[in-house]
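Taking it in order: structure first as structure tokens, then the write-up.
The values are calculated or read from the model by the stated rules, or taken from the named source; none is laboratory data. Since we're looking at a predicted model, the values are computed, not measured. Methodologically, a virtual Cβ is constructed for each residue, glycine included, from the backbone with ideal geometry; neighbour enumeration extends over all protein chains shown. For accessibility, only protein heavy atoms count, side chains too; no ligands or nucleic acids. Shrake-Rupley method; radii C 1.70, N 1.55, O 1.52, S 1.80 Å.
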Amino acid sequence: MSHNWNVILVKVPSDSKISILKAVREISGLGLKEAKDTVESAPISIVKTATAEEAEKLELKLKNAGAIVTIEVYEEEHSEKLLLDNLLVGENISFLDAMQQIKEQIAMLRTKEIKAEEEILTANNTLTEVQEKFKGMASELENFGRTSFGDYERAYLISSHPEIVITVEEISKTKAKLAEAEDVRLKRQEVSKEGLWSQIKSSVGSLFDMVDTYKKELEENYINLAKLIIVNDEQSENLNLIYLKNLISEVRRLYQLQCSAESAKKDFLAIKNQVAYEIKSLERIAQQNISLCSNFNDFEISMNGFDPELSKNLRKLAEKVIPKKEQTAEKDYPYAKNTIGGEVALIDDYVVISQGAIGKFFNFFDQDANVVKIPVENITVINFKASGILDGTIEFVYPGYFPKPNEMKHQQENVITFGGKECNENFRAFKELVEKRMREIKQQLANTSGKPSVADELAKFAKLHKEGVLTDEEFSALKAKLLGL
């Protein structure tokens, strides 16, 4: 077993909620809505780290934001760590195999993430529905709370339910504040009758009038007390108010619904956070693999179908760390001799199209516009029309490219126009060369996707071992064989 650290958000003080929300987003990488749901579901795990130093740094960040945080040590299963280690390029696994397995695991995690998001949305909808129904019962609940407070205030102060005691104390404090605010308002009204200056002072004082605020706060406290009494079975049956029986049963039903939704929401938020942590771990391994890759073409193949959210940053890393083979196109590839044509070459598995003289003239201030690079793996078909009375064309079709309105064939960026029958064989030979490379890349991808996953096989054997189907010796032998030990 290896030790890891779990950073847990224990409590979120209301006056620090915004700063804590920002800190959670920075740490977890969650979106605004997901981070808000996470903060509102405290206590909840925010992130897991592999080092105590990192956990302490994250703990400090959350504490500085105003949160109450704790760190728990947990043990990571050796088999889980082994699976991750097996995804790192080495003697037992090639770059393409490792990246293929990482891609598959991230895809499974994304599916799990989507399911968690759906369940969180369902829970949120349920909670919204419950709150709306409670709003419709606000008047009855307030009356229930007022009656209960008036009749049983002292009894509640020694209640076995801390939340009831706190709410009763809050009601008493708010009532005192309200009485004081009403007294101040009354005196201000009396003073305002004494003249213009007194009226001005009274108007300024009205800006700080808290009477309505305390009244609203008191109403909410009474409603909260009513809910607590009803769901905790305390004194609710002693009120002898027959008309409240339906209210009591409905509040209890809604409370159970609310508790179930809050519990489900918390569970699936924890799952989502765990998925985010696992994806981060896989991304770090992918980054290490890329730093060990020496062939940019292999990297391009590995990115085919890779998670779009991660591939952008991985591409930036690859541009920096993977050495690119310097190549210059020799004049042994077919090219057009007339001014409306251009040149085309196959360089590093890219079809590179250089526009002709007319194109260069119109794009004089944009030199990048003179060259178009199309990855061979993206090309779906190559259309070829030989030169005769009219100029010939070779067109490289790939998904996502659409000609501009009223754009002539020879103006399209994926088309080369050439003149003269002597160019036909050269351009036809180039077409066949690219088509051959298209088939080779397709076969490479097919071989990669069809190869069994070492991680999946190891996980399967680990499960059989845990269930007692495989003995310790059999499991060790199979594991050694898989890992090439």
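Can you report the principal axis dimensions of region 4-76 using only the alpha carbons, biggest first, rounded to whole angstrom?
32, 21, 18
Using the crude model of +1 on Lys and Arg Cβ and -1 on Asp and Glu Cβ, and no other charge, please compute the dipole size for region 4-76 relative to its Cα centre, in debye to 20.
Taking the Cα centre of region 4-76 as origin, the dipole is about 400 debye.
With all protein chains present, how much of the accessible area of region 95-292 (probe radius 1.4 Å) comes from carbon and sulfur, to the nearest whole percent?
53
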